[in-house]
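All remarks here apply to the structure that follows.
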Amino acid sequence: MNKFTKGILSLGLALSILAGAAGTALADTKTGSLGGRGTSATSTISKYSAYVSTSFTGSGVVSYSTTYKYVNSNLGTGKINRGYGNYATNVSTTISAPTGYKSVRVDSKHDVVASGQSWHASTSADY
């Protein structure tokens, strides 16, 4: 089993955990290629959290930049901005809403840079 297949299986497991723990999860996934290697970008949202991931089947700089928005019953709102990049095959994060708040939206930008080439994608999901 190659690294990309393992990454997809890990992503599926993470999505299953999110869906089972917090109700239905909604996802937006984009795939592509860079230098003949597979790329994947995902934003997933469930009732109380969001999951963001950028994957590459080769080695390169993979990164994400995301904004997670949430609301409470009094219509109080908030957001969490998070970003990360590393020379790796996969970077990801799970963001939880503060106690008493529920998910609204996650917007993410994903980038992969390898061998002087780059791949970019945007994903978003609403709850």
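The values are calculated or read from the model by the stated rules, or taken from the named source; none is laboratory data. In this text the structure is predicted, and so the values were computed from the model without any measurement. All Cβ positions, even for glycine, are placed from backbone atoms using ideal geometry, and neighbour counts span all protein chains on display.
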Name the pairs: first residue in region 107-120 and free of Cβ contacts under 8 Å to residues at least 40 places away in the same chain, second residue among the small types (Gly, Ala, Ser) and buried (at least 19 other Cβ atoms within 10 Å of the Cβ), Cβ to Cβ under 9 Å, at least 6 apart or on different chains? His120/Ala41
Please work out if Ser33 is hydroxyl-bearing (Ser, Thr, Tyr), at pLDDT 95 or above and more than 16 Å from Ser122 (Cβ to Cβ). yes
Which of the residues belonging to region 44-56 are touching a Leu at 6+ places or on another chain (Cβ under 9 Å) and assigned to a strand (DSSP E or B)? Thr44, Ile45, Ser49, Ala50, Tyr51, Ser53, Ser55, Phe56
Tabulated pairs, region 75-103, first over 18 Å from Ile45 (Cα atoms), second among the polar types (S, T, N, Q), C-beta under 6 angstrom, 6+ apart or interchain: Gly85/Ser63; Asn90/Ser55
For region 89-127, give me the residue count where each residue is of a type in the set (D, E, K, R) and either touching a Pro at 6+ places or on another chain (Cβ under 9 Å) or surrounded by fewer than 17 Cβ atoms within 10 Å (Cβ to Cβ) (or both). 2
Among the residues in region 67-74, are any out of contact with any strand residue (DSSP E or B) (no Cβ under 8 Å at 6 or more places or on another chain), in contact (Cβ under 8 Å) with a residue 24 or more places away in the chain and not in a strand (DSSP E or B)? yes
